[in-house]
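The values are calculated or read from the model by the stated rules, or taken from the named source; none is laboratory data. Bear in mind that the values here come from a model prediction, so they are computed numbers and not experimental data. When the accessible area is computed, the model is the full protein with side chains, heavy atoms only, and any ligands, DNA or RNA have been set aside. Shrake-Rupley method; radii C 1.70, N 1.55, O 1.52, S 1.80 Å.
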Amino acid sequence: MDTKEIFSAVGNFGFPMVLSWYLLLRMEQRLDKLTDCLNELSKALLENTREV
């Protein structure tokens with residue numbers, strides 16, 4: 001997204017709306033990474049408890 005598109009969105013939707021959208025997109029990517037890490041951790045824990 002270039003600068004013109006950002007300013008156009010702010011003009012059309014307002015700053016709070018654009019900021020909320022931006023933060024939600026960033027949060028979604030981080031939540032996806034967190035989900036992957038938790039899945040890997042649960043697999044590692046299951047493998048560790050089976051060996052004991």
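Could you order Lys4, Lys33 so the one with the most accessible surface comes first? Probe is 1.4 Å.
In descending accessible area the options line up as Lys4, Lys33.
Each residue of segment 9-21 in order: what ³J(HN,Hα) in whole Hz does its phi give by Karplus 6.51 cos²θ - 1.76 cosθ + 1.60, θ = phi - 60°, with x for Gly and Pro?
Calculated HN-Hα couplings, in order: 5, 4, x, 7, 10, x, 4, x, 5, 5, 5, 4, 4 Hz.
222 nm [θ] for the chain, helices only, -39500 (n - 2.57) per DSSP H run of 4+, per residue, to 500?
Only helices count here, giving -32500 deg cm²/dmol.
How long is the chain along each principal axis, judged by its Cα atoms, biggest number first, in Å?
61, 19, 7
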